[in-house]
Amino acid sequence: MLFWLAPLIVIAGITAPLVMSDVTRLRLPNRLILVGYVAFACAAELHTLTAPSNGALSKSAPSPALVCLATLVGAGGLWMLGAIGMGDVKLMGLLAGCLQLLPSANAPPLPAVAAGATLLLIAPAALLAFSYGRHSLPLGPFLLAGFWLAVLVWAGLG
C-alpha cells in the first residue's frame, strides 16, 4: 500500500514555506508542521493496521510512531540545553517518523542517513556563519535537506 506517500507529498508542499520562514524569521510555523503531523499520524495508523499479524514487523523495525517519539524525546533534551529551538524539535520528530514509514527492505536505516546528511550539510554552514559573528543558525533547511537526501537514497535503492 502507498500510505507512506501522503506524508511525503505534504512535506514536499511545506518544505519551501518552512525553509523561507526559518531563514528569514528563525521560526518554523506550527500550522505548517501540524499539517505534516496529521498526514503522518494517518499514515502511521494505516501502517499499524496493515502490518502482518505474525509479529514479523515488530521484530524487524520499530514503529514509525515510536521513532517519532524517541526523536522528540532526544531532540527535546537538546532543546532543554538550549542547543536547538522547539520548532526544530517538532520538525525532527515529523521527519524521522516519516522516514520510518518508507518500506526499506534493502535500504539502510533512513533516519540515520538523514541525520548523517544533515550533519554533513550543517557543519560547513555553521563554521561559516559563526566566523561572521552570527550566533544562531536556522536548522530547518538543513533538516529538510537531510530528509530529502535520505528519501533519494531510499528511492535509489528501491
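For region 40-52, the candidate set comprises residues that are in a loop (DSSP other than H, G, I, E, B) and not hydroxyl-bearing (Ser, Thr, Tyr); within that set, the residue that is farthest from the chain's Cα centre (by Cα) is PRO52.
Determine, yes or no, whether TRP154 is in contact with a helix residue (DSSP H, G or I) (Cβ under 8 Å, 6 or more places away or on another chain), surrounded by 15 or more Cβ atoms within 10 Å (Cβ to Cβ), of a type in the set (Phe, Trp, Tyr) and closer than 20 Å to ALA70 by Cβ. Taking the combined requirement at face value, the residue satisfies it. Filtered by the rule that a residue be free of Cβ contacts under 8 Å to residues at least 12 places away in the same chain and among the hydroxyl-bearing types (Ser, Thr, Tyr), region 113-144 gives SER131, TYR132.
Has region 113-124 got any residue that is within 17 Å of the chain's Cα centre (by Cα), over 28 Å from MET1 (Cβ atoms), in a loop (DSSP other than H, G, I, E, B) and not hydrophobic (A, V, I, L, M, F, W, C)?
Taking region 113-124 first, the residues within 17 Å of the chain's Cα centre (by Cα) are 113-122.
Checking the rest, the ones that are also over 28 Å from MET1 (Cβ atoms) come to 116, 118-122.
In the following step, the residues that additionally are in a loop (DSSP other than H, G, I, E, B) were identified as none.
Within region 113-124, none of the residues are within 17 Å of the chain's Cα centre (by Cα), over 28 Å from MET1 (Cβ atoms), in a loop (DSSP other than H, G, I, E, B) and not hydrophobic (A, V, I, L, M, F, W, C).
Looking for something of a type in the set (Ser, Thr, Tyr), assigned to a helix (DSSP H, G or I) and modelled with pLDDT of 85 or more - is there at least one such residue anywhere in region 17-32?
Going through region 17-32, the residues of a type in the set (Ser, Thr, Tyr) turn out to be 21, 24.
Next, from what is left, pick out any that are assigned to a helix (DSSP H, G or I): 21, 24.
Adding the requirement that they be modelled with pLDDT of 85 or more leaves 21, 24.
Among the residues of region 17-32, at least one is of a type in the set (Ser, Thr, Tyr), assigned to a helix (DSSP H, G or I) and modelled with pLDDT of 85 or more, which makes the answer yes.
Results for (1) closer than 24 Å to ALA12 by Cα; (2) in contact with a strand residue (DSSP E or B) (Cβ under 6 Å, 6 or more places away or on another chain); (3) modelled with pLDDT of 90 or more; (4) in a loop (DSSP other than H, G, I, E, B), shown as yes or no for each residue.
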residue	(1), (2), (3), (4)
VAL38	yes, no, yes, no
ASN54	no, no, no, yes
LEU57	no, no, no, no
VAL67	yes, no, no, no
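Screening ILE84 with (1) in a helix (DSSP H, G or I); (2) at pLDDT 85 or above; (3) of a type outside the set (Phe, Trp, Tyr); (4) more than 14 Å from TRP4 (Cβ to Cβ) gives one miss only, at (1). Does region 69-86 contain at least one residue that is closer than 30 Å to LEU49 by Cα and among the β-branched types (Val, Ile, Thr)? For region 69-86, residues closer than 30 Å to LEU49 by Cα and among the β-branched types (Val, Ile, Thr): present.
Which residue, of PRO108, PRO138, is at pLDDT 75 or above and either assigned to a loop (DSSP other than H, G, I, E, B) or in contact with a Ser or Thr (Cβ under 9 Å, 6 or more places away or on another chain) (or both)? Explain how you work it out, then say what you get.
Working: PRO108 fails: at pLDDT 75 or above.
Testing whether each residue is at pLDDT 75 or above and either assigned to a loop (DSSP other than H, G, I, E, B) or in contact with a Ser or Thr (Cβ under 9 Å, 6 or more places away or on another chain) (or both) leaves just PRO138.
Anything in region 1-19 that is over 14 Å from the mean Cα position of the chain (by Cα) and surrounded by 13 or more Cβ atoms within 10 Å (Cβ to Cβ)? List them, or say none.
Matches in region 1-19: PHE3, LEU5, ALA6, GLY13, PRO17.
Count, please, the residues in region 112-151 that happen to be surrounded by 14 or more Cβ atoms within 10 Å (Cβ to Cβ) and small (Gly, Ala, Ser). Give the derivation first.
First, the residues of region 112-151 that are surrounded by 14 or more Cβ atoms within 10 Å (Cβ to Cβ): 113-118, 121-122, 125-126, 129, 137-151.
Then drop every residue that is not small (Gly, Ala, Ser), which leaves 114-117, 125-126, 129, 140, 145-146, 150.
Number of matching residues: 11.
The values are calculated or read from the model by the stated rules, or taken from the named source; none is laboratory data. Model, not experiment: these values are computed from the prediction. Every residue, glycine among them, receives a Cβ derived from its backbone with ideal geometry; neighbour counts consider all protein chains shown.
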